[in-house]
Amino acid sequence: MATELVLLRTAGAPMPVAGRAGISSALIVDDRVFIVDCGRGSPSAFVDAGLDFRRLEAVLVTHLHADHTGDLPGMLIYPWGVRLGGDGPLPPIRVYGPARPTELPSGDANFHRQTTIHPELPDPGATDLVNNILAAYAYHLNVMPLDAAMPDAGVLVQATDIHAPRLAEGGGQLPVVVFEDRAVRVSAVAVMHGHAVPALAYRFDTGDGAVVFSGDTTVNEDLIALAQGADILLHSVADLHYLEQHGFTGPALERMAGLHTDVTQVGAVAERARVAELILTHYLPAEPDAITEAEWTERARQGFSGITTAGRDGLRRRLPAG
Ligand SMILES: [Zn+2]
């Protein structure tokens with residue numbers, strides 16, 4: 001038995017680029033599969049990695065931007081037909097993600113938005129998202145079983161909202177325990193990703209070690225605390241200097257800096273978290289030929305005494321290490 005991390009896809013931002021697809025990772029604990037984020041191409045990446053949809057137990061989304069949720073419908077609905085065991089339908093795929101924010105982010109001074117989409121609920125949370133996916137695909141879910149033997153669609157998925165952690169007395173967040181059983185414990189803190197509130201980072205602890213998923217964040221003290229001593233920190237990175245040279249200047253660059261950790265900052269994050277290995281993912285720019293893996297690694301490892309690895313689609317790590 002072991003724990004294995006698979007980087008399914010490693011691109012940052014919603015815009016499709018050639019050669020690298022959207023953000024998604026898998027953590028396999030014994031024969032159970034957990035997915036963190038469902039970016040572009042993640043259901044195909046799931047099978048490319050040799051994973052079995054009958055083993056898919058839960059999907060955790062770090063935040064509700066489309067590059068992290070765009071292929072959630074596919075992750076749930078494409079494999080519907082195999083969600084069947086000897087005793088009937090398999091247990092629902094559990095989906096965890098941020099709850100509705102308590103209020104809409106204020107201010108529209110930058111973009112002078114004209115339209116609020118779905119004003120009756122402009123900021124749906126994770127369970128709203130799943131309910132809306134089921135509603136949107138009701139035709140398929142109600143009609144396909146008339147022509148093919150399918151498991152009961154009513155037990156396909158079960159969603160749970162994660163509320164922002166409470167603060168400890170001296171400041172700092174008390175991580176939320178998302179779920180816990182004999183083999184795996186998942187905890188979360190809120191991180192800082194522009195107006196995407198809440199955005200979450202997740203830590204998985206198993207008998208083989210600990211893996212932390214940063215989600216999208218700026219340098220964040222609560223993430224550093226969450227990741228203390230982990231075997232692997234999978235961290236999103238942006239190259240703000242590259243973005244500056246390619247059209248992001250002034251306020252646009254400041255906004256990017258309020259969303260992401262620059263590649264020159266991530267080594268210090270890993271060092272302060274005292275993790276064994278830092279693996280880079282969710283690249284901005286996402287184009288593989290914009291910045292080589294060697295360049296990403298060289299810039300990210302500054303200030304970090306552990307192992308730095310440039311993640312790529314399909315990269316695997318097994319725990320315990322060695
Ligand atoms: Zn993202």
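With a 10 Å Cβ neighbour count serving as the proxy for reagent exposure, in which order, fewest first, do Ser236, Ser44 appear?
So the ranking, lowest neighbour count to highest, is Ser44, Ser236.
What net charge is computed for the residues neighbouring Ala225, neighbours being all others with C-beta under 12 Å from the C-beta of Ala225, Lys and Arg scored +1, Asp and Glu -1?
+1
Over its Cα atoms, what ratio of radius of gyration to 2.2 N^0.38 Å does segment 38-163 give?
So segment 38-163 has a normalised radius of gyration of 1.19.
Using only Cα atoms, locate the centre of segment 47-103 and the centre of segment 288-305, then give the distance between them in Å, rounded to an integer.
So the separation of the two Cα centres works out to 32 Å.
For the chain, calculate the relative contact order in percent as a whole number, restricting contacts to Cα pairs under 8 Å that are 6 or more residues apart.
Dividing the mean separation by the residue count of the chain yields 19 percent.
Over 23 Å apart: what share of the alpha carbon pairs of the chain falls there, rounded to a whole percent?
57
So what is the 222 nm mean residue ellipticity for the chain from helices alone, if each DSSP H run of at least 4 adds -39500 (n - 2.57) and you divide by all residues, rounding to the nearest 500 deg cm²/dmol?
-6000 deg cm²/dmol
Which of Pro101, Pro119, Pro251 moves most in a GNM of the chain, Cα contacts under 10 Å?
Pro119
Is the shape of segment 92-228 rounded, prolate or oblate, going by the alpha carbon gyration tensor and its root eigenvalues a ≥ b ≥ c, with a/c under 1.5 for rounded and a/b larger than b/c for prolate?
Taking the square roots of the gyration eigenvalues as a ≥ b ≥ c, segment 92-228 is oblate.
Tell me, what is the FRET efficiency for Met144 and Arg55 to the nearest 0.05, using R0 = 22 angstrom and their Cβ-Cβ distance as r?
Calculated value: 0.45.
To the nearest Å, what is the center-to-center distance of segment 233-260 and segment 133-211, using C-alpha atoms only?
Using only Cα atoms to place each centre, the spacing works out to 28 Å.
Just Met144, Met256, Met192 to compare: in a GNM of the chain, with alpha carbon springs under 10 Å, which one fluctuates most?
Evaluated over the chain, the most mobile residue of the options is Met144.
With a bin width of 5 angstrom, please list the P(r) values of segment 180-288 as percents of all Cα-Cα pairs, from the 0 bin to the one holding the largest distance.
3, 13, 22, 23, 17, 12, 6, 3, 1, 1, 0
What is segment 175-262's relative contact order, in percent, from Cα pairs under 8 angstrom and six or more apart in sequence?
Rounded, it is 25 percent for segment 175-262.
To make sure I understand, if each residue's beta carbon is the centre and we count other beta carbons within 10 Å, what order do Ile23, Ile291 fall in, fewest to most?
Ordered from fewest to most neighbouring Cβ atoms within 10 Å, Ile23, Ile291 come out as Ile291, Ile23.
Please find, in a Gaussian network model of the chain (springs between Cα atoms separated by less than 10 Å), the residue of Gly97, Gly154, Gly303 whose mean-square fluctuation is greatest.
Of the options given, Gly154 has the highest mean-square fluctuation.
Sorted from largest down, give the three principal axis spans of the alpha carbons of segment 12-83, whole angstrom values.
Sorted from largest, the Cα extents of segment 12-83 read 32, 23, 21 Å.
For Arg94, what residues show an amide H to amide H distance below 5 Å, using hydrogens built from the backbone and excluding near sequence neighbours?
Distant-sequence amide H within range of Arg94: Ala58, Val59, Gln158.
For each of His260, His112, count neighbouring Cβ atoms within 10 Å of the residue's Cβ, then give the residues from fewest to most.
Starting with the residue having the fewest Cβ neighbours, the order is His112, His260.
Report the relative contact order of segment 198-322, percent, no decimals, based on alpha-carbon pairs under 8 angstrom and at least 6 residues apart.
26
For segment 44-91, take N as its residue count and report Rg(C-alpha) divided by 2.2 N^0.38 Å.
1.25
Considering only DSSP beta bridges where both residues belong to the chain, give the percentage that are antiparallel (nearest 5).
55
Coordinate-derived values only; no laboratory data. Fair warning: this is a prediction, and the values are worked out from it, not measured in the lab. Cβ: placed from backbone, ideal geometry, glycine included. Neighbour counts: every protein chain shown.
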